[in-house]
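Take a look at the structure below.
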Amino acid sequence: MRILYGVQGTGNGHITRARVMAECFTRLGIDVDYVFSGRPDERYFDMSVFGDYQTRRGISFATRHGRLNYQGTLQQLRVGRFVKDVQRFDMRGYDMVFNDFEPVTAWAARRAKVPVVAMSHQSAFLSPKVPIFGGNFMLRSLIRWFAPADIHLGVHWQPFAQNIVPPFIPYQLGILAISPLLIKYWCICPLKICHISSSCLRTFLTGSFTAITRMRTTRH
């Protein structure tokens, strides 16, 4: 299985989560290509775990006083550049896209009909059980269409809904592990600290791919 992993470069939370996943993928010998967008190339750091990664301009949100600034976001948006990046992205050879709120790979995958699994903090807010202060409908619509996906896994400290998993935490001594609840959610198999089960992660990937295929078959 060959995976494309799209990561939002704005802030450090998305990249921190991707580092945990990258370590797991490397240990298991899974072929993964990484794409980052949302910040200038020179502002990425500590990226060796991602190998020969790619970057795109992408789209990033502007904020003001801790809240989303719609006007500022629109002002920095380069629609023409974004559309060209999506259209020119070569999706041939990829079986699945992992996406952490990264729009270029999400839309390129949708255009090429490649399955997408979204795993991000933003995905948690698609559930009506997760509280949002003001603008619920607009914000949820924006999240859903910003980086479209077939399956959404939300990352949140509070388990408001069944598709929400805890944040990924890098352990000491350079040993990283995926959240036990994420693995349990997919293959009902607990994960021990400092040990990554290859069978569990492979089951997670295969289960995601199978679930998306069934969803698409049912729709048609």
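The values are calculated or read from the model by the stated rules, or taken from the named source; none is laboratory data. This structure is a prediction, so every number in the text was calculated from the model and none was measured. Using ideal geometry, Cβ is built from the backbone for each residue, glycine included, and neighbour counts are taken over all protein chains shown. Quick note on the areas: whole protein, heavy atoms, side chains included, nothing else; ligands and nucleic acids left out. Shrake-Rupley method; radii C 1.70, N 1.55, O 1.52, S 1.80 Å.
For a quick protection proxy, order the peptides 136-147, 115-126 by their average other-Cβ count within 10 Å, most packed first.
On the way: 136-147: 15.4, 115-126: 22.6.
Highest mean packing first, the order is 115-126, 136-147.
Report, by chain and number, residues whose modeled amide H sits under 5 Å from the one on R56, excluding near sequence neighbours (fewer than 5 apart, same chain).
F36, S37, G38
Largest first, what is the accessible-area ranking of H14, H65 with a 1.4 Å probe? Walk me through the intermediate numbers first.
Values: H14 20, H65 170 Å².
Largest accessible area first, the residues go H65, H14.
Between beta-carbons, use under 15 Å as the cut-off and find the net charge around Q75, counting Lys and Arg +1, Asp and Glu -1.
Numbers: positive: R57, R64, R78, R81; negative: none.
With Lys, Arg at +1 and Asp, Glu at -1, the net is +4.
In Å², and per residue, what accessible area does region 1-70 have when probed at 1.4 Å with the other protein chains present?
Result: 51 Å² of accessible area for each residue.
How much length is gained if the chain between Q71 and Q87 is pulled fully straight, taking 0.36 nm per residue apart and subtracting their Cα-Cα distance, in nm to one decimal? Please report the intermediate quantities before stating the final value.
Values: separation 16, 0.36 × 16 = 5.76 nm, distance 2.60 nm.
My answer for the length gained is 3.2 nm.
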